[in-house]
Amino acid sequence: MAMRHSRAIMGNICATARDSGPARSAAATRRRTRSAGARRGPLVSSAAQPLARMANATGSPLLRYGGGCSSSQDLLLRDCSWSGDRLQNACTAVVVKRPEGLMTRRGEAATGLVWAFPAHQGAPMHRRAVLCRCRRAGGKVGRGGLTVGVGVWVDIPGGMRKRREGDAREKRMRRWLKIGDGIGERSAGLGKSRRVVMDAISSSHGGREREKEKGVGGGGGGGDMVSRRVRGGAGWQGKDVGEYGFAPAVNTVAVAASPKLGEHRMVDEEVGKVERSKEDGYGRRSRGQKTTGEAGMLHGAPTRGNAMPFGPSARNGGVNFSLFSSGAREVSLCLFTADDLQEGRVTEEIVLHPLWNRTGQIWHVFVPDLAPNLTYGYRVDGSFLPEQSERYDKSKVLVDPYAKLVTSSRRAFGQPTFLLADEENGDKAGTAVCWPQLAGLVPMTRGEGEVGVGEDDVEDDFDWEGDTSPSLHMKDLVIYEMHVRGFTRHASSKTKAPRGTYLSLIEKLPHLKELGVNAIELLPVHEFNELEFYSYNPAMDDHRVNFWGYSTINFFSPMSRYAAAHGGRRLRPSGGGGGGGDGGGKGEGAVRSGGVPSASKNAIWEFKTLVKECHKMGMEVILDVVFNHTAEGNERGPIVSFRGLDNRVFYMTAPRGEFYNYSGCGNTFNCNHPVVRQFIIDCLRYWVLEMHVDGFRFDLASVLTRSSSMWSSCVVYGQDGRAMGGVDGGGGGEEDGIVTGTPLPRPPLIDMICNDGVLRGTKLIAEAWDASGLYQVGNFPYHQGLWAEWNGKFRDSVRMFIKGSDGEAGAFASYLCGSPQLYAAGGRKPYHSINFVTSHDGFTLADLVSYNEKQNFGNGENNNDGDSNNLSWNCGADGEVVDGRVATLRQRQMRNFVLALMVARGVPMIHMGDEYAHTKGGNNNTYCQDNNLNYFRWDKKDADVNGLCRFFRLAIRLRREWECLRSEEFPTDENLSWHGHQAYCPDWSETSRFVAFTVKDEVKGEMYVAFNASHLPVIVNLPARNGYVWDPVIDTSKLPPYDFLEDDSPQKDGAMANLYGFLSASAYPIMGYSSVLLKLVPKTGK
């Protein structure tokens, strides 16, 4: 049966126990007799007569055991019930009077001893009493003794078998709780936080007893096993003063264990009160009795826990917490109620013992019976030596990297918390808090005996309805890069669910299905702080926010403020609720006080719902993940998570503690360090197995190929060699000659991903460059045929050719073939090239043909941000307001880009909003704009004034119908021919601006495609085919609907009549800056 910890106030009360006993007895006895089933009475065992006499004389159950004990060893039993000569309920605490001369291992005088009395129900008294014998200065070890942290030995009473005989009862009697000679040494500034100090167990041979049962715990102050954080100062927070009729002793705290009674006491930090909450008779509180108020109990008695798995894991009616930190001297688990999290105040702090709660470099604790709606973090203490890459800060409560959901006091996206105004000092508006206290959500668990009890989280009840991945072949994908909030945030979306959320995105999936998209690539949905650089932007008369999300706080947690839930209310896609409201909006949709964690829980549910609905429509979900850096920035950045846990492990650092900045964002994640790469693998697996995502796009993926700090072949591969620490060497093992940041031919992280049984079956896409000049497009290392790449060379070549640059015809033709010059030699296929013309990072398709230079003044950085090399052309005039000639040319050029994207072998990717020519006013770096610049305009999409959305849809459909455009092999002379103005006479000269080809499809026949990037029109000769004629499908020079002629289009007959003379002569006129596509059809008699 599980043991239950209780808290009691210990100290010098034993010295005055007999004197003060009568004064305390009445109140204590009244409270004890209210326990159900408890019967207090005189002891009848002959071995316990001295106790009976003492109890009768004092009214308080003081025990002086006469078996060879000195008079200085008095035991105080509390809350026991008796039946005959047997103990019915184990006592909650035994207080031992301090003998004269008692010394700790450090030679310090101790104030008292505490011993848990883990007697068995029904066992005879003389076989249950455990005597405490204390070593005096210069004394000897007692017989059969048990060494504990403060130099205390415990004798086994006569009649008990020795430990070596394996008696289970003796093992329970050997449990001990360390004493306290002072607490709160460094508790200043921590708020009204409750603390539980974990203990350690030593065997009679000096080793630790690895207890598997619940109920081992304790607290204290004296000796080398006592946490320094809880010394000297105030005690614990709780309620009623003098529940047992005595005032708490100063600077002495302990937690005592009881296997049966099931009580919990907390000592108030300020007034020294004792708080008590009843549990059921099996050491576990029934769920209906658990509360989270100040007078309530947050959890049961913590026990040792397990080192694996990392993070919080719900099991056996509780939660196991596990955390890695190689240099921490002290770790505390901090718990928050919803109200306390709003105030940034720790509700309760469980201090982990460096021996009992640590295995190697992993700290762990198991906490049973946790109250609902709690959040947690860690306080980690160690050296703060920036010059040695150590940045531990005990004043910070850190986010667990393995937390599955991170939340804070922030009520809505972009809404800061404002402190009260200080008008006396000139602050009339109050101060915005942009970094509120962040905390991970504690998983809810089922209690013992409840349905579904086991390892499962009670919240993990999502109904996937048999969901499986569409498992589309890479070559068949059409990827749509999009932003969750931006897709539905604009009022024109008119969604039922709050706009800018996971659920509102679901309502708009039919548009993507109609467009022909079968994979969505979501810009970062990991938890990030949108107010990371919150500041007033006079250029926009608004505040800058981190809109894109490329600054991750936690890699396991979905962005909580993309959830549609308010105040814990869950919105179903099929239900009403929300009414098209702005729950996800800036400053809108406030959650009730105390409801933020509850509401945030729904982010997981809503994201899973999004994935499930995408799969139902045959669409895969790809996440944009940012493992190259985190939100903690450089040395001036905040300490939020990784930096405070283990700075030199999680980040690339130089010999004197500086941060390498290959990401361009202040720090670089130490991806190839063994601990970090395992963390990344665990994260990716979680999103595949738990969230059902289908793949990942790795932002600045070249960072993942660089050697880590603390690098050596010994560390990475387990080979012989000396590992150089990141502090001294900054990286590089001498036997390798490799320094930190060196590109590796076989990066361990890439190797692990490629050979992982779960991840091998996912879509893996690399943005194969970083911010420090490492460009690996076509050369991403050790890809093993699994990694695709964002083909930035395709983007650049297509942009240059379409706008009419010299010397690009040959390169453009090669990229249309799937970039064989990049991928064929490495054994990869055309579908390893992710072809794109635009993305979130740069001009939109409309701005690409509207601006020659970036127009980023709206970001408030004097146009110094963003890339200046855009390879764009404004078609004759900058801006949106232009004459009809320029506007027509822009429409033509956008269609040229779309056609090139859809006929090129590889995987096409289009950016959100390009289908209706969304403009950002020439801003190519809208990372900080939470406004219409980044919002999808559903009104413009629906209007489709220029027919571009229709053209997109039909071009995607054509690609899907023609297998030759999606071939997984590079073209050969047998199925592809090149042409110039004359058939079979291509022009690859430096000044050529014309590229044409024919390609054969086994089912559809043959296709002719030509691009004329010159300003001059040309009449081309088409390859002649006996018995066949060329049928025009696409001509970008024509206005809609003639730009794309469908087979059943009523306009087709008229168009064919106008072109009959050319087609009958196997010719076709192509206007300047336009492209055409024709298909071969059998000749008819018409």
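The values are calculated or read from the model by the stated rules, or taken from the named source; none is laboratory data. What you see is a predicted model, and the numbers here were worked out from it, not measured in a lab. Cβ atoms come from the backbone with ideal geometry, glycine included; neighbour counts cover every protein chain shown. Side chains are part of the model used for accessible areas, which takes the heavy atoms of the whole protein and leaves out ligands, DNA and RNA. Shrake-Rupley method; radii C 1.70, N 1.55, O 1.52, S 1.80 Å.
Summary of values
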{"quantity": "Potential lengthening between Val1081 and Asn1021 on full extension [0.36 nm per residue; Cα-Cα distance subtracted]", "calculated": "19.9 nm"}
{"quantity": "Sites Trp464 and Met308, calculated FRET efficiency, Cβ-Cβ separation with R0 22 Å, nearest 0.05", "calculated": "0.25"}
{"quantity": "Heavy-atom SASA rank of His629, His543 (probe 1.4 Å, accessible area, largest first)", "calculated": "His543, His629"}
{"quantity": "In nm, spacing of pseudo-spin labels at Ser492 and Arg329 (7 Å Cα→C-beta vector)", "calculated": "6.1"}
{"quantity": "Apportionment of accessible area to carbon and sulfur, segment 791-1082, percent (1.4 Å)", "calculated": "50"}
{"quantity": "Heavy atoms of Ile639 accessible to a 1.4 Å probe, total area in Å² rounded to 10", "calculated": "30"}
{"quantity": "Hull volume in cubic angstrom per residue (convex hull over the Cα atoms of segment 791-1082)", "calculated": "137"}
{"quantity": "Full-stretch length increase - Met1056, Asp806 - with 0.36 nm per residue and alpha-carbon distance subtracted", "calculated": "86.6 nm"}
{"quantity": "Long pairs among Lys508/Lys920; Lys508/Lys941; Lys475/Lys608; Lys612/Lys829, criterion Cα-Cα beyond 19 Å", "calculated": "Lys508/Lys920; Lys475/Lys608; Lys612/Lys829"}
{"quantity": "List Lys793, Lys763, ordered by accessible area with a 1.4 Å probe, largest first", "calculated": "Lys793, Lys763"}
{"quantity": "Accessible area of Met617 in the full protein assembly, 1.4 Å probe (Å², nearest 10)", "calculated": "50"}
{"quantity": "Rounded to whole Hz, the Karplus (6.51, -1.76, 1.60) HN-Hα couplings of segment 324-335, x for glycine and proline", "calculated": "9, 7, 6, x, 6, 9, 8, 9, 10, 8, 9, 10"}
{"quantity": "Asp806 accessible area, 1.4 Å probe, all protein chains in place, Å² to nearest 10", "calculated": "80"}
{"quantity": "Kirkwood hydrodynamic radius (C-alpha pairs) into Stokes-Einstein, segment 324-416, 10 °C and 1.306 mPa s, D in µm²/s", "calculated": "109"}
{"quantity": "Size of charge dipole - segment 791-1082 - debye, nearest 20, with Cβ of Lys, Arg +1 and Asp, Glu -1, no other charges", "calculated": "240"}
{"quantity": "Calculated FRET value between Gln361 and Leu472, using beta carbons and R₀ = 41 Å, to 0.05", "calculated": "0.45"}
{"quantity": "Label-point separation, Asp393 to Arg960 (7 Å along Cα→Cβ), nm", "calculated": "5.2"}
{"quantity": "Rough spin-label spacing in nm, given labels placed 7 Å along Cα→Cβ, for Ala1065 and Ser868", "calculated": "5.1"}
